[in-house]
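As structure tokens, the structure follows; a few thoughts come after it.
Just so it is clear, none of the values below were taken in a lab; they were calculated from the coordinates. As the structure is a computational prediction, the values presented were derived from the model and not from experiment. In this analysis, Cβ positions are derived from the backbone assuming ideal geometry, glycine residues included, and neighbour counts consider all displayed protein chains.
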Amino acid sequence: MKKHIFTIALTAALASTSAMVGAQQMDPNMAGMHDTKPADVEGVGVIKAIDVAKATVTLQHEAITAIGWPAMTMPFKVASSDLLKNVKVGDKVKFGLHPDGMNSTVTLIKLAQ
């Protein structure tokens, strides 16, 4: 009987400890726990097309490892048409990108050196 009570007590103690450890790992007040938007990432590419009226730029960009994208060519919305004023087709650029799949937005664009 003592062995049975000891087993129950040990099981309860382990369950309690596991719950406390789990609670520490899932603290909802930890920094970053409420951030649901992905952070902007940086990329490098060549401008293939610019459409100021639609506020888009087509970039042939290198792989963007921070978000797991391979090198490819695709059009992007730009956060502001003003970003397109100082660049032209053929320019190699560095760009900031707010990733959101096919709805990703270029937030910064400047000539690469």
Label 7 Å along Cα→Cβ of residue 74; segment 80-113 residues with amide nitrogen under 19 Å? 80, 93-109
Formal net charge of residues neighbouring residue 78 (Cβ-Cβ distance under 11 Å; K, R +1; D, E -1): +1
